[in-house]
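Working notes, structure below.
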Amino acid sequence: MAGRWLSGQLTDAAPPLRQQRAGFTLLELLIVIFIISLISAGFVRLMVGFGGASLSLEDETRRLHRLLTLTAQQAILQGSEIGLLVEADAYHFVLPVKDHSVAFEGDDLLQYHRLPQGWRLELQQDEQIIPPVVVTIKEDGTEEEAKQPPPSIVFYDSGEVTPFQLRIYAADNPEPTMIEAKENGEIEVHFQEPAR
């Protein structure tokens, strides 16, 4: 006979349910942590610049500045040189090999990136404008297997970098932003002062 004793009598009543729960279950906490991690991952991707063609000139410049800083650190950590090919309206990171370069593999952030339509890049080294390189890209968006030209900019494993000034021009803005790198590896970004 199932039941329980209450004041000396056997009853068939079920035990009372708890009035209130205190805290969260482990499953609820795991679900909340999972949702927060998804939101955070999306936020980080937007901060690095996967927002699409509607990016402003300042956003695009900050994105490239962060990638250049990341590349300089990665070259030191890997103990190998990493190059940057600068096209008229695109850039991507490569591994220098003698008189040519090969695509950088293994990091999605350092892959080929084309600027929004009508934007352009202008690279200057030693006070001379460097003509943009031409990279052969297949229809699927990947590079041809053929040798690519040597990189315009090299990040060395010593922390040094090829000195350069890289200007970014937006289609609707005649005033560029500029990223400048000094030989010691210091990379700075310069924005135009707003008109008053």
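None of 170, 181, 195 is among the small types (Gly, Ala, Ser) and modelled with pLDDT under 90 except 195.
Set side by side, the residues 148, 165, 125 differ, and just one is more than 21 Å from residue 63 (Cβ to Cβ) and modelled with pLDDT of 90 or more, which is 125. Look at residue 89 and say whether it is at pLDDT 80 or above and in contact with a Lys or Arg (Cβ under 6 Å, 6 or more places away or on another chain). Yes, satisfied. Identify, please: which residue in segment 26-57 is assigned to a helix (DSSP H, G or I) and within 17 Å of residue 91 (Cα to Cα) and is, among those, modelled with the lowest pLDDT? That would be 48.
The values are calculated or read from the model by the stated rules, or taken from the named source; none is laboratory data. Quantities reported herein were computed from a predicted structural model and do not represent experimental measurements. Virtual Cβ from ideal backbone geometry, glycine too; neighbours counted across all protein chains shown.
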